[in-house]
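Q: Please find one structure pasted underneath; my questions will follow.
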Amino acid sequence: RSYPNPPLDPAPDGRLDGASVRSACEASLRRLNTDRIDLMQIHWPDRYVPAFGMTTFHHDQKREGDVPIYETAEALKTLIDEGKIRYIGLSNESTLGVCEWVKACEELGIADKLATIQNSYSLLDRRFDSELAEACDYYNIGLLPWSVLAGGLLSGK
């Protein structure tokens, strides 16, 4: 292991409610053996979004009990205020999600802390280039692309 303390038992459930966000942050701080995280990246939205190359939104896959974006943003604001994180990053997010995040962060006074989005982007996956790129440009949210080799397809191997 690369960290001094054992992992949490039981492991966090991966949801984005306030307690889970705090728990994930505290665990990361322990593993990294630091007192501050420069960029806390939210790995997946708490709600259903098409994933892993899916391009169609399926209404029947929506689930009940999604954690509201505002609740997650509020938990992150608390961690920012405590000096535990500096900036917020989104990941695998849609244009609607970005706009809802911006709205929540503006209401909480931390819109300047919403810094990045990490979505799939490659020569074969250009979904970001549509309205999502426009929204991120407008709100000054930088792209951190993942799967730039399209899961290895563009590697030539």
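Q: Of all residues in the stretch 75-101 being among the small types (Gly, Ala, Ser) and open to solvent by less than 10 Å² (accessible area, probe 1.4 Å), which is modelled with the highest pLDDT?
A: Across the stretch 75-101, the extreme among qualifying residues is Gly89.
Q: Could you list all residues from the stretch 105-146 that are basic (Lys, Arg) and at pLDDT below 85? Step through it out loud before you land on a result.
A: Applying the first criterion (basic (Lys, Arg)) to the stretch 105-146 yields 113, 126-127.
Matches in the stretch 105-146: Arg126, Arg127.
Q: Suppose we keep only residues that are in a strand (DSSP E or B) and in contact with a helix residue (DSSP H, G or I) (Cβ under 8 Å, 6 or more places away or on another chain) within the stretch 32-63. Which one would you say is surrounded by the fewest Cβ atoms within 10 Å (Cβ to Cβ)? Steps first, answer last, please.
A: Taking the stretch 32-63 as the starting set, the residues that turn out to be in a strand (DSSP E or B) are 37-41.
Still in the list and also in contact with a helix residue (DSSP H, G or I) (Cβ under 8 Å, 6 or more places away or on another chain): 37, 40.
Numbers: Ile37: 16, Met40: 20.
Here the residue is Ile37.
Q: Do you know which of the residues in the stretch 1-60 that are of a type in the set (Val, Ile, Thr) and modelled with pLDDT of 80 or more is farthest from the chain's Cα centre (by Cα)?
A: Across the stretch 1-60, the extreme among qualifying residues is Thr34.
Q: Okay, next question. Taking the condition of being modelled with pLDDT of 75 or more and closer than 9 Å to Ser122 by Cβ, how many residues in the stretch 147-157 meet it?
A: Of the residues in that region, 2 qualify.
Q: Would you please name the residue that is most open to solvent (accessible area, probe 1.4 Å), looking only at residues in the stretch 132-157 that are part of a helix (DSSP H, G or I), under 17 Å from Met54 (Cβ atoms) and touching a Ser or Thr at 6+ places or on another chain (Cβ under 6 Å)?
A: Pass one, the stretch 132-157, residues part of a helix (DSSP H, G or I): 132-138, 150-155.
Still in the running and under 17 Å from Met54 (Cβ atoms): 132, 150-151, 153.
Imposing the further condition that a residue be touching a Ser or Thr at 6+ places or on another chain (Cβ under 6 Å) reduces the set to 132, 150.
Values: Leu132: 13, Ala150: 30 Å².
In this case the residue turns out to be Ala150.
Q: Go through the stretch 98-154 and report how many residues are within 24 Å of Glu82 (Cα to Cα) and of a type in the set (Ser, Thr, Tyr).
A: The total comes to 1.
Q: Restricting attention to the stretch 87-131, which residues are assigned to a strand (DSSP E or B) and among the hydroxyl-bearing types (Ser, Thr, Tyr)? Walk me through it before giving the result.
A: Pass one, the stretch 87-131, residues assigned to a strand (DSSP E or B): 87-91, 114-118, 120.
Tyr87, Ser91, Thr116, Ser120, listed by residue number.
Q: Is the stretch 66-86 home to any residue that is assigned to a strand (DSSP E or B) and either more than 16 Å from Ala19 (Cα to Cα) or charged (D, E, K, R) (or both)?
A: Within the stretch 66-86, one or more residues are assigned to a strand (DSSP E or B) and either more than 16 Å from Ala19 (Cα to Cα) or charged (D, E, K, R) (or both).
Q: Residues of the stretch 122-131 being touching a helix residue (DSSP H, G or I) at 6+ places or on another chain (Cβ under 9 Å), open to solvent by 60 Å² or more (accessible area, probe 1.4 Å) and among the acidic types (Asp, Glu), which ones?
A: Hit for the stretch 122-131 is Glu131, nothing else.
Q: Against the condition without any contact (Cβ under 8 Å) to a residue 12 or more places away in the chain, open to solvent by 30 Å² or more (accessible area, probe 1.4 Å) and either acidic (Asp, Glu) or farther than 22 Å from Tyr48 by Cβ (or both), how does Glu71 come out, does it pass?
A: Answer is no for this residue.
Q: Identify all residues within the stretch 119-157 that are within 17 Å of Lys103 (Cα to Cα) and of a type in the set (Ser, Thr, Tyr); write none if there are none.
A: Tyr138, Tyr139
The values are calculated or read from the model by the stated rules, or taken from the named source; none is laboratory data. A quick note: this is a predicted structure, and the numbers were derived from the prediction, not measured. Please note: Cβ atoms are built from the backbone with ideal geometry, for glycine as well, and neighbour counts cover all protein chains shown. In case anyone asks, the SASA skips ligands and DNA or RNA and just uses the protein heavy atoms, side chains included. Shrake-Rupley method; radii C 1.70, N 1.55, O 1.52, S 1.80 Å.
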